[in-house]
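First the structure, in the form of structure tokens, and then the observations on it.
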Amino acid sequence: MSVTQPAAPLRVVIAEDAVLLREGLRRLLTDAGLDVAGTAGDAAQLLELAGALQPDVVLTDIRMPPTQTTEGLQAALHIRHQRPATAVVVLSQHVETGHLFELLGDDPRGIGYVLKERVADVTQFTAAIRRVAAGESVIDPEVVSRLVRRPRRDSPLETLTERELAVLALMAEGRSNQAIASQLYMSPKTVETHVGNMLAKLGLQPAAGDHRRVLAVLAYLRG
Amino acid sequence: MSRRLRNILIAGAAAAAVFTVVTYYLNGWPQPPGPAIYVITPTLVLLAYLGVGLAAWQRYPAERIGLLFTMAGYAWFLPSLTQLHYPLPFTVGIVSGALYQAVLAHLALAWPYGRLRSRVDRVAVTVNYSFNVGNNVVQMLFWNPRTNGCGTACPANLLLAHSSSRLYSTTGTVFSVTGVCITAAIAALIAWHWRSARGYARQAMTSLIWVAIPIAAYIAVLGIPGNLGIPGLVLYGIGPLILIAAPAAYAISMFRARTARRAVGAALVDLEPGPSPARLRDALARALGDPTLQLAFRIPERGGYQDTSDQIVDPARLPAGRMLTELDAAGNAVLVYHELMQHEPELVKVTVTAASLALEHARLQAEVEAQLEQVRASRTRIVEAGDAERRRLERDLHDGAQQRLVTLSLAIGMARSQAAANPELAVLLETAAAEAQAAITELRELARGIHPAVLTETGLAGAIQALAERSPVATTITAVPASRYPAQIEATAYFVVSEALANVAKHAAASSTRVTIRELTGRLVVQVSDDGPGGARPEGGSGLRGLADRVAAAGGALRIESPPGSGTHLEADIPCP
């Protein structure tokens, strides 16, 4: 394989019941250089396309016909179960952690849970899809913030500094130390120190791999 | 009985008593009379019959029983006229010597209401009167006081036709035998009356039997020659007291009739509210002492009535001796009782009133309960309809406005990525994006307030978790069942927790709350406790009142304990099939 050969574009299947939005997404992703292999208007279609096209990424709305509850989520879980290599990005209109934890299960690699309105920021949105396709976890900052800001009594979280809380939130969003360092304008070394201190304070084991860390931190925050 | 007649009868009674006493002491004056007992007991008998007779006459003017007692009293007095030592009163006194016995027999046959029941009874009574007076008249024709034991002490016998001791004693023997026959016939009739009596009447007849036996025995002893060797002091001094048994028994029955009316009232008071018809009938039957009492209701399908023991009652063909009274204007319920009860019109009235009151009460109660049930059902339907409407609104917002705003944001976002060359346009688009984002956030909160989608999607577990995460007060969830429940139950439980947490945040100044939802058999128990200062008043905030209404609409109950200084503890008990 030659290094000069451009990597094949990510193949994406989109599932969204609102036609305008579905077409908007197709255009957005196509413009961003992704290959939209197919689009679906409901969960059944999505399952069919995912099976037939074997896409790298499935991007699906949680709520779809016919029951308008969690068809998209259930379909995504099914696809993950059939083909764990498929990255899944779920679009939610609600800030509900229940869905998030159901989706994450015990392996958050290649999973994204983002609020639907994130599509407005084209750059960040496509970046999120690419990160998920690369096996990272992407958790919407709004959802994480809900967990972090939640009032607590007698919790070690109260002993954390603002800086540490910001690091913690980014960890929960699925960021690597490298990414946290660049986002908070800190040296990777400082980030590592913060992370170590914090995990000790919260009584969490320093986990091997970012995805383990995401699960541990989110579970702790939800606790 | 007119006031005047009553006064005359009372005066007559007093005069008779005075006469008896005075003549007893004047007779043979200046010789001392015999023992006082000879005058005391006859006077007591006189007063007892006249007293009870007049009282009964006054109380039951439509009945003849009072008249009969009064007659018996005067008949008892008539023989005392012999004390006057003048031929006319002496003769009258002798002739009427056994008249009181005839009146007593009449009284017994007419017991307890003073009316003879049949032609046979009337014949027996007439024969008995004729005999009791007639035998004396016949014997008087032959009885000469001067030669037959009375000597000069007695006045002349006005009826004397032919002085003959032989004829006198022969007729006496014949009349004794005849008298025994007539008395036996009357006793048989009374026994027949007793046997055929039922219920209320049986009770009255039984008390008569207890009274009639000693009286009849006493009179029989008086009629036997030699009186079985019983000394005169016992026979004439103490013996007449036995006769008082009859007026005494009647006085007791009058008193009992009065207490029976009270008993009817008491029986109703003792009944639980809304008694079953069978229990009502039993209580009335007990109070009246009439086990034959029937309470019957119209059965439209059968076109007749059916009583509480499922017996068919046909108003057109009641068995002999039964009476029927309708308990309501529509004739849907009737009381069937022994005809003798009509002699106690007041008792019938009280019973009918009591029964209709109880039935009306039961009917009203059933009506109110039915209405309440309707109101409850409609309240539940209204709440359910409200919930359904909120779910629909939330879905409309989600699928409509929210979706469009997201699409709009996306369009703005794509426009921005192409407007890098035009800074002014970029700024405008950035503002537009921020506005769209704000609108999306607001709309999301609005939709969540209308109805939380997470409740429909994941049930109580997810929805309560979301509430806890959102609550501005630290909230611990102790337990929430993972199972799903009917939408209204989930919505009610959710509403309780959400409203309680909102109240805690607003008023309680608490630092933490605890939410517990447990499923017990047939119900869901929702508890929300805080560690605030307590003192919350359920009637205070409209929030808590709305909560109580909401829980009640689901058929549950809300309890709030908020002692000052010990936090507020709220518990909702929601029925859950």
All but one of (1) exposed (fewer than 14 other Cβ atoms within 10 Å of the Cβ); (2) in a helix (DSSP H, G or I); (3) free of Cβ contacts under 8 Å to residues at least 24 places away in the same chain hold for B:ALA330; which doesn't?
-> (2)
Output yes when any residue across the stretch A:8-20 is surrounded by fewer than 17 Cβ atoms within 10 Å (Cβ to Cβ) and over 19 Å from A:ALA85 (Cβ atoms), and no when none is.
-> yes
Have a look at A:GLY72, A:GLY24 and point out the one that is more than 28 Å from B:GLN465 (Cα to Cα), within 13 Å of another protein chain (Cβ to nearest Cβ) and not in a loop (DSSP other than H, G, I, E, B).
-> A:GLY24
B:SER165 vs. criteria modelled with pLDDT under 85, more than 21 Å from B:TYR74 (Cβ to Cβ) and not basic (Lys, Arg) | yes
The stretch B:492-511 - residue that is touching a Ser or Thr at 6+ places or on another chain (Cβ under 7 Å) and either without any contact (Cβ under 8 Å) to a residue 40 or more places away in the chain or within 11 Å of chain A (Cβ to nearest Cβ) (or both) and, of those, surrounded by the most Cβ atoms within 10 Å (Cβ to Cβ) = B:LEU501
For the stretch B:559-576, name all the residues that are out of contact with any Leu (no Cβ under 9 Å at 6 or more places or on another chain) and closer than 9 Å to B:VAL528 by Cα.
-> B:THR568, B:HIS569
Mind checking whether some residue in the stretch B:171-180 is within 60 Å of the chain's Cα centre (by Cα), surrounded by fewer than 21 Cβ atoms within 10 Å (Cβ to Cβ) and within 29 Å of B:GLY53 (Cα to Cα)?
-> yes
Residue in the stretch B:187-194 that is over 60 Å from the mean Cα position of the chain (by Cα), touching a residue at least 24 places away in the same chain (Cβ under 8 Å) and assigned to a helix (DSSP H, G or I) present = no
In the stretch B:95-130, which residue that is among the aromatic types (Phe, Trp, Tyr) and surrounded by fewer than 23 Cβ atoms within 10 Å (Cβ to Cβ) is farthest from B:SER80 (Cα to Cα)?
-> B:TYR113
Out of the residues in the stretch A:143-161 that are surrounded by fewer than 16 Cβ atoms within 10 Å (Cβ to Cβ) and within 24 Å of the chain's Cα centre (by Cα), state the one that is modelled with the highest pLDDT.
-> A:SER145
Going through the stretch A:200-223 one residue at a time, which ones are loosely packed, with under 15 Cβ neighbours inside 10 Å and part of a helix (DSSP H, G or I)?
-> A:ALA200, A:LYS201, A:ALA219
Looking at (1) at pLDDT below 95; (2) within 22 Å of A:ARG109 (Cα to Cα), can you tell me which one A:ALA15 breaks?
-> (1)
In the stretch B:43-126, which helices (runs of 4 or more DSSP H) lie fully inside it and hold 3 or more residues that are more than 43 Å from the chain's Cα centre (by Cα)?
-> B:65-77, B:87-95
Confirm whether B:ALA358 is of a type in the set (Gly, Ala, Ser), surrounded by 11 or more Cβ atoms within 10 Å (Cβ to Cβ), touching a helix residue (DSSP H, G or I) at 6+ places or on another chain (Cβ under 8 Å) and within 16 Å of B:PHE297 (Cβ to Cβ).
-> yes
Return yes or no: is B:ALA263 surrounded by 14 or more Cβ atoms within 10 Å (Cβ to Cβ) and not in a loop (DSSP other than H, G, I, E, B)?
-> yes
State yes or no: is B:ARG470 more than 9 Å from every other protein chain (Cβ to nearest Cβ), charged (D, E, K, R) and over 30 Å from A:ASP31 (Cα atoms)?
-> no
Could you list, in sequence order, the residues of the stretch B:513-570 that are among the acidic types (Asp, Glu) and either surrounded by fewer than 21 Cβ atoms within 10 Å (Cβ to Cβ) or in contact (Cβ under 8 Å) with a residue 60 or more places away in the chain (or both)?
-> B:GLU519, B:ASP531, B:GLU539, B:ASP549, B:GLU561
On the given criteria, is B:ALA248 surrounded by fewer than 19 Cβ atoms within 10 Å (Cβ to Cβ), under 15 Å from B:LEU104 (Cβ atoms) and under 38 Å from the mean Cα position of the chain (by Cα)?
-> yes
Identify the residue in the stretch B:452-466 that is touching a residue at least 40 places away in the same chain (Cβ under 8 Å) and more than 8 Å from every other protein chain (Cβ to nearest Cβ) and, among all such residues, is nearest to the chain's Cα centre (by Cα).
-> B:LEU460
Only listed residue being more than 14 Å from every other protein chain (Cβ to nearest Cβ) and surrounded by 18 or more Cβ atoms within 10 Å (Cβ to Cβ), chosen from B:ILE489, B:ILE440 | B:ILE489
Restricting to helices (runs of 4 or more DSSP H) lying wholly in the stretch A:102-199: which have 3 or more residues that are within 14 Å of chain B (Cβ to nearest Cβ) and more than 26 Å from B:THR431 (Cα to Cα)?
-> A:141-149
Among B:PRO155, B:PRO79, the single one that is in contact with a His (Cβ under 9 Å, 6 or more places away or on another chain) and surrounded by fewer than 21 Cβ atoms within 10 Å (Cβ to Cβ) is B:PRO155
Out of the residues in the stretch A:27-36 that are away from chain B (no Cβ under 12 Å) and surrounded by 19 or more Cβ atoms within 10 Å (Cβ to Cβ), state the one that is nearest to A:ALA133 (Cα to Cα).
-> A:LEU34
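Matching residues to (1) in contact with a strand residue (DSSP E or B) (Cβ under 8 Å, 6 or more places away or on another chain); (2) within 7 Å of chain A (Cβ to nearest Cβ); (3) surrounded by 13 or more Cβ atoms within 10 Å (Cβ to Cβ):
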{"position": "B:GLY386", "(1), (2), (3)": "no, no, yes"}
{"position": "B:ARG395", "(1), (2), (3)": "no, yes, yes"}
{"position": "B:ALA401", "(1), (2), (3)": "no, no, yes"}
{"position": "B:ALA415", "(1), (2), (3)": "no, no, yes"}
{"position": "B:ALA421", "(1), (2), (3)": "no, no, no"}
Apart from one, (1) free of Cβ contacts under 8 Å to residues at least 12 places away in the same chain; (2) within 30 Å of B:CYS576 (Cα to Cα); (3) facing chain A (nearest Cβ under 7 Å) all hold for B:GLY449; the odd one out is (3)
Based on what the data block shows, is B:ARG514 basic (Lys, Arg), away from every other protein chain (no Cβ under 14 Å) and under 18 Å from B:ALA572 (Cβ atoms)?
-> no
Check B:VAL427 against each of (1) touching a residue at least 24 places away in the same chain (Cβ under 8 Å); (2) more than 8 Å from chain A (Cβ to nearest Cβ); (3) in a helix (DSSP H, G or I) and name the one condition it does not meet.
-> (1)
Candidates B:ALA411, B:ALA401, filtered to the one that is under 30 Å from B:ALA453 (Cα atoms), more than 60 Å from the chain's Cα centre (by Cα) and in contact (Cβ under 8 Å) with a residue 40 or more places away in the chain | B:ALA401
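The values are calculated or read from the model by the stated rules, or taken from the named source; none is laboratory data. Predicted model, so just to flag it, every value in this text is computed and none were measured. Methodologically, a virtual Cβ is constructed for each residue, glycine included, from the backbone with ideal geometry; neighbour enumeration extends over all protein chains shown.
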